[in-house]
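Chemist: One structure, as structure tokens, below. Some questions next.
Read-outs throughout are calculated quantities, based only on the coordinates presented, and are distinct from any laboratory measurement. In this text, all values refer to a predicted model and were calculated from it rather than measured experimentally. Cβ atoms come from the backbone with ideal geometry, glycine included; neighbour counts cover every protein chain shown.
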Amino acid sequence: MSTATLEPSSLPLPLEEPKETYLNASRGVMSWLLTKDHKRIALLYLITVTVMFFIGGVAITIVRLNLMTPRGGLVEPDTYNKLFTAHGVIMVFFFLVPVVPTVLGNFCLPLMIGAKDLAFPRINLASWYLFVLGAAWTLFAVLAGGVDTGWTFYTPYSSKSSHYNVIPTMIGVVISGFSSIFTGLNFIVTTHKLRAPGLYWWRLPLFVWTIYATSFIFLLAVPVLAMALILVILERWLHIGVFDPAYGGDPLLFQHLFWFYSHPAVYIMILPGMGIISEVIPCFARKPLFGYTAVALSSFGIATLSFIVWAHHMFVAGISIYAAMIFSILSYMVAVPSAIKVFNWTATLYKGCISFEAPMLFSLGFVALFTAGGLTGLFLASLGMDMHVHDTYFVIAHFHFIMVGGMVMGYMAGLHYWWPKISGRMYSDWWSKMAALIIFVGFFLTFLPQFLLGYAGMPRRYHRYPEEYHVWNVMSSAGASILAVGYALPLFYFLYSLKYGPRAEPNPWHATGLEWQTSSPPPKDNFAETPVVVRGPYEYEAEKAQNEP
Amino acid sequence: MFADNIIWFPQEASTTARDVDIFLYFLISVCGSVGLLVAFLLIYFSIRYRRRPGHLPLPSVRTNVPLELFWTLTPVGIFMVFFVWGATIYFGAYRAPDDATVIYGQGKQWMWKFQHPEGQREINELHVPIGRPIKVLLTSEDVIHSFFVPDFRVHMDVLPDRYTSTWFQPTVAGTYHLFCSQYCGTNHAGMVGTVYVLKPADYQEWLNSHSEGSLALEGRKVFLKYRCISCHSADEHARAPVLENLYGSRVRLNNAESVIADEGYIRESILYPGAKIVAGWQNLMPSFKGQVSEEEIIELIAFIKALGRGQTPPRVESYPPPVTTPPINPTKEKP
Amino acid sequence: MSPESAILTPEERAVLDQSVLVRHRLEEQFRDLDQQHEAASLGMWIFLATEVMFFGSLFLGLGAYRYLYEEAFEKASIKLNWIIGGTNTVVLLVSSLFMVLAVHYVKLARRKELLVCLGLTALLGLLFLALKGLEYYLDYRDNLIPGWRFDPEEWIEKEGLRAEQVPQVELFLMFYWIMTGLHGLHVTLGIAAVLTMLILAWRGHFSPAYYSPVDVTALYWHFVDTVWIFLLPMLYLLGSHTFP
Amino acid sequence: MAEPLIRVQTYVVVCVLLVLLTVLTVGLSFWHVPPVWHIVLGLCIAVCKASLVVLFFMHALISTRLTWIVILVSCFWLGILLVLTLGDYFSRGMVPAAPGH
């Protein structure tokens, strides 16, 4: 790129029609495919993960339809197994893990810290290409024959018995893992080195804190997963045992390595969601976030503790009971920072001045669902209870409350919150509120019955089941159809808003973050001049004092 | 039409089930109250402090350190209670009572096989009596499975090339589901069985009507079939330790360590004889890996467990000592 | 790197920063070259932290199986060629010395020494790969490639291992091949990076004000060296050798 | 930023030290002790050598606090992975009365 814009332009930007935005700064397909602009890359990611989300959604729709009857006659058992594997692999590795960091994090992080771009724009673009490559490999594997190992790839099943495209799927996951590593690296360096003058650590918005903590997990956990999967690939390919007991290997070693990544990965999914909520709630309650320091530090508490609890996935897998006890007690510890966050969000509402636009509705939904998911997590962390509900629908319901209830609600809140900034357009207020309500109701209908199913003993990954589980499965499938409508709605009104939505002001929510101080959509270099920060992130009262008539 | 077969709660059919359920009620009441409190506060604040014309936000507190400490430390305290209670149940479910009846279970794609100490074999069915602790010793022939009986609240993964165990004490007669809960391939959902809990008299009747000769007796046949007796004999020609009263005893090894002779040790010694050699003996025994089946190993273990002082079968002419074996170790010592 | 040191006065520095030569190497998102250098260096350190976990999980597997199968791992380890392994350690250490000297000289703007040091680093790296190739050939000759050239009988008869220990030997050799192969890949990439630096330095790309690519390459090179330092005892020196 | 703070002589001394430690660690493998000592000694020497490389060659000694944090964090996390996982392996056999658990 040529020289940077250094001329200070002190004039306020025209509100109605920003002349040069990142969207029209250059034209043509190649200007998008070779862009180094973090905002454009965020949009590339947005398109990719949305496609992946709907593919994963189609897979699970068929699964839920199959479970409408106890006999499960809709698809063959083999097809069923491939479908839930496709759902798991796509949703976990290509939607939940990357979605908030790569879309909203990419778009907002430099804006929120007053930087022109990420520290390594080329690496950022390369990460997207890696991600697409990984997604393509995996989609190929899923379409050309399918994989039936489940997203957990447990050995020795994945290393010898399963006869489908295990290797391509794993290669896809490993490639996308490198994409995550480079994204995380970029975010951490950017947060350290490119903050605007005056933006000290304790003035950082909480979304930046959580993205930072997420990146931290990416960097330290993904390599372990990559190595575990590479070892399985070699095992399958060369027929040499690394994890196969027939060759002296230990299948539990795979589980250790796998969960060393995959448990922190749950926090990769939920932490950015927590960050979004911490942005949205103060904004719509017109109040500073209660206990900023506690919430910021709890993100780090979660990121750290998330690494030392992994074996609670293995309580009945044959690990030593002493290890099981240590991991159980540590698992309780990781619940503490999450509880701190919930209490602080609730306390922020106290004596606020709350309005209920779509981002706020999604956020309240997040807090409710995350609390339910978190509390049921306490059941699973306990050795005696996990002994019963391990690998049943109870576990399914629990992690969907966290990941779908929590995470996707948080993502929706963020997308609705920043959409005016991303697109420069406002979406339909009524439809977006409807979407929030439909998703919330549909979610409860889908997953609440699964808690009952799980405690009653229905194991996961069953394509048919005894009669007595019928009613709850029907309810769950019915809820899933409502949920599907709820997820499809935003697609329509967002696309509609691009063409017909009213133009957005630079700061439609009267929020305090730096990202709202530039035009909507922002110019290519983000800020006409580098902003100087003089106060903390959620000074809604100071703002109020200035703006209120 | 659904109302007939709706399930709200699994049956409590074992002693463990009772413990787990009481713990569940406790967890639900504590976690439920917290959840309801948060839900109530969210709704109450949303209504009470909603934005209205002329309503300004009240001056508010930024943070409150005692309050933060309160809601940090209280959960820690509650969690410790959860942990200790849960760990107690787990520990209880992990250590079977010494007098438990041992049933051997094998998982394979996609069926369950069980063998009773009295020799009865079952596939995808398991008959057990009320009121007696039952220990299930599990192994897998292929991939990882998981032994799960919801109505007993017991759960244990079944691993290839290794024994794991769980135990339960049924309390109510009836039939219960047995599931494989660890995904194991195409017909994972078909790897289900039924546990029949019978009154002691019915159980005895069942045993009698399915009697095939006890497991130990079958094991004796296997012991003779593979000519184990040629070396593990109780006479002066023995090339290997006598196996009488072996089970549960402490065995000194030639590397100055010692092990308890449990099922895992016996299995290992059959398949990998050189792994742990008894002090004073040489590594002569060939591996029987690939020759004996898992079922035969189980029968052999049952035989060795039952083998008391002076019960080793006498060597007969039809089982001469193997001619290829090297001379007897002169420094042998009787264990 | 260290904020208090400066070979140039602030005025000289400002002039240099504005000079066209330096200016076009400043990416637009950075304020100045210092910031850019710090970002690049931090980025590399963080990447290396990732690499630590990457190799760490292999060391974990090796360690866990070494704990389970002590005897087989010991016997298999003795079969590896410790002479080449040890020599290669020294080769890498000396190459690291030249790499750090290259960084030293680029800061002093001594182009000739810089070129020599970079060249020697790359040469020693190539020597490492050549020795590694020789070692791989010897492994091939000695039937140490599990799944391809491997003779179970040999281990049972000559080494006195039991039949069930042979897969454990294969397990060890599997780790040997994966770990040294992965490390060799890193060395190869490192040589490519060093050669790129050599070409850039030849063209006069670097100056005391702008040398962060050399610095970052050096960090990577030293890290690869560090990995080998741990591979030596964990692969080659698990058992007691006897003099040949 | 461009002034080198470590002298060439220091680098050479460190390199010589590293080579000597390499000779030592190879030499120790000829000492016939129980094999576990080979691992313990070998790893101790390797940690010393790695520290020398990181401190002097990678300039950690004269780096910012941030670099130190990255180094310590990566060591700590590697420690988590190794200690907790190996802890499971070491303690699996500790309850002998319950076979194979």
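Chemist: What angle, in degrees between 0 and 90 and rounded to the nearest 10, separates the Cα long axis of helix B:15-48 from the longest principal axis of the Cα atoms of chain B?
Modeler: In chain B, helix B:15-48 runs at an angle near 20 degrees to the longest axis.
Chemist: Now for a different question. I'd like to know which of A:Phe84, B:Gly274, A:Gly414 lies farthest towards the positive end of the charge dipole of the protein assembly as shown, counting +1 on Cβ of Lys and Arg and -1 on Cβ of Asp and Glu.
Modeler: Projecting each Cα onto the dipole axis, the largest value belongs to A:Gly414.
Chemist: I've got another one for you. Counting only residues 5 or more places away or on other chains, whose amide H sits under 5 Å from the amide H of A:Arg425 once H atoms are built in the peptide plane?
Modeler: It is A:Ala504, by chain and number.
Chemist: Follow-up question, since we're still on this one. Taking the simple approach of a point 7 Å from Cα along Cα-to-Cβ for both C:Thr242 and A:Ala144, what is their distance in nm?
Modeler: Rounded to a tenth, the inter-label distance reads 5.4 nm.
Chemist: Take the Cβ-Cβ distance between C:Phe150 and C:Leu126 as r, set R0 to 30 Å, and report the resulting FRET efficiency rounded to the nearest 0.05.
Modeler: Efficiency, rounded to the nearest 0.05: 0.55.
Chemist: What angle do you read, to the nearest 10 degrees and between 0 and 90, between the alpha-carbon axis of helix C:70-79 and the longest principal axis of chain C?
Modeler: Roughly 70 degrees, rounded to the nearest 10.
Chemist: What list of ³J(HN,Hα) values in whole Hz, one per residue of the stretch B:83-99 in order, does the Karplus curve 6.51 cos²θ - 1.76 cosθ + 1.60 (θ = phi - 60°) give from phi, with Gly and Pro shown as x?
Modeler: Coupling constants for the stretch B:83-99: 4, 5, 4, x, 5, 4, 4, 4, 5, x, 6, 8, 9, 6, x, 5, 8 Hz.
Chemist: Please report, in debye to the nearest 20, how large the charge dipole of the stretch C:115-155 is about its Cα centre when each Lys and Arg carries +1 at its beta carbon and each Asp and Glu carries -1 there.
Modeler: Values: 3 positive and 6 negative charges, 67 e Å.
Using Cβ point charges on Lys, Arg, Asp and Glu, the stretch C:115-155 gives about 320 debye.
Chemist: Can you work out the FRET efficiency for the pair B:Tyr44 and A:Val58, with r the C-beta to C-beta distance and R0 = 35 Å, to the nearest 0.05?
Modeler: Computed FRET efficiency for B:Tyr44 and A:Val58 comes out at 0.30.
Chemist: Listing A:Thr61, A:Thr348, C:Thr180 from the residue with the fewest other Cβ atoms within 10 Å to the one with the most, what is the order?
Modeler: A:Thr61, C:Thr180, A:Thr348
Chemist: Hey, what do the phi angles of the stretch A:414-429 turn into as Karplus ³J(HN,Hα) couplings, whole Hz, using 6.51/-1.76/1.60 and θ = phi - 60°, x for Gly and Pro?
Modeler: Once rounded to whole Hz, the list reads x, 5, 5, 5, 9, 3, x, 6, 5, 9, x, 10, 9, 9, 5, 5.
Chemist: Also, quick follow-up: As a test of the formula, what do you get for chain A when each DSSP H run with n ≥ 4 contributes -39,500 (n - 2.57) and the sum is divided by the residue count, at 222 nm and rounded to the nearest 500 deg cm²/dmol?
Modeler: On the way: 17 runs with 339 residues, N = 549.
The helix contribution divided over chain A gives -21000 deg cm²/dmol.
Chemist: How far, in degrees from 0 to 90, does helix A:470-500 lean away from the longest principal axis of the Cα atoms of chain A, to the nearest 10?
Modeler: Orientation of helix A:470-500: about 30 degrees from the principal axis.
Chemist: For B:Lys305, give me every one of the aspartates and glutamates with a C-alpha distance below 12 angstrom, ignoring sequence neighbours fewer than eight places off in its own chain.
Modeler: B:Lys305 reaches B:Glu244, B:Asp262, B:Glu263.
Chemist: Hey, can you grab everything whose amide H is under 5 Å from the amide H of B:Thr194? Only 5+ residues off in sequence or another chain; H modelled, so Pro and N-termini drop out.
Modeler: Answer set, sorted by chain and number: B:Glu125, B:Leu126, B:Leu178.
Chemist: Would you calculate the separation in nanometres between label points at B:Ser209 and B:Gln11, each defined as 7 Å from the Cα along the Cα-to-beta-carbon direction?
Modeler: Between B:Ser209 and B:Gln11, the label points sit 1.9 nm apart.
Chemist: Moving to a separate point now. What is the protein assembly as shown by shape, rounded, prolate or oblate, if you read a ≥ b ≥ c off the alpha carbon gyration tensor as root eigenvalues and call it rounded for a/c under 1.5, prolate for a/b larger than b/c, and oblate otherwise?
Modeler: Oblate, because a/c is 1.5 or more while a/b does not exceed b/c.
Chemist: A further question follows. List the aspartates and glutamates whose alpha-carbon lies under 17 Å from that of A:Lys160, not counting same-chain residues fewer than 8 positions away?
Modeler: Partners found: A:Asp78, A:Asp148, A:Glu235, A:Asp244, A:Asp250, B:Glu141, B:Asp142, B:Asp161.
Chemist: If you don't mind, there's one more thing I want to ask. Could you size up the charge dipole of chain A around its Cα centre, putting +1 on the beta carbon of Lys and Arg and -1 on that of Asp and Glu, and report it in debye to the nearest 20?
Modeler: In debye, rounded to 20, chain A gives about 400.
Chemist: Give the distance, in whole Å, between the Cα centre of the stretch A:249-285 and the Cα centre of the stretch C:185-223.
Modeler: Cα centroid of the stretch A:249-285 versus Cα centroid of the stretch C:185-223: 36 Å apart.
Chemist: Now for a different question. Among DSSP beta bridges whose residues both lie in the protein assembly as shown, state the antiparallel percentage, nearest 5.
Modeler: 70 percent
Chemist: In this model, which of B:Lys225/B:Lys289; B:Lys113/B:Lys276; B:Lys108/B:Lys276 are farther than 24 Å apart at the alpha-carbon?
Modeler: B:Lys113/B:Lys276; B:Lys108/B:Lys276
Chemist: Check A:Asp148: other-chain or 5+ apart residues with amide H under 5 Å from its amide H, H built from backbone geometry?
Modeler: Excluding prolines and chain starts, which carry no amide H, the hits are A:Tyr164.
Chemist: I've got another one for you. So, in chain C, how many Lys pairs have Cα atoms under 30 Å apart, if the pair is 8 or more places apart or on different chains?
Modeler: Summing the qualifying lysine pairs gives 5.
Chemist: Now, a different point. Could you calculate the FRET efficiency of A:Tyr322 with B:Thr74 from 1/(1 + (r/R0)^6), where r is the beta carbon distance between them and R0 is 30 Å, rounded to 0.05?
Modeler: 0.60
Chemist: Could you check the spin-label model distance between B:Ala173 and D:Leu5? Points 7 Å from the Cα along Cα→Cβ, value in nm.
Modeler: 8.4 nm
Chemist: Using unit Cβ charges (K, R positive; D, E negative) and no other charged atoms, how large, in debye to the nearest 20, is the dipole of the stretch C:41-236 about its Cα centre? All intermediate terms of the calculation are to be shown ahead of the outcome.
Modeler: Values: 13 positive and 17 negative charges, 230 e Å.
Computed charge dipole of the stretch C:41-236: roughly 1100 debye.
Chemist: Over all residues in A:77-87, what is the mean tally of Cβ atoms on other chains that come within 10 Å of each residue's Cβ?
Modeler: 2
Chemist: Something else: Given the C-alpha centroids of the stretch D:25-91 and the stretch A:390-406, what is the distance between them in whole angstrom?
Modeler: 39 Å
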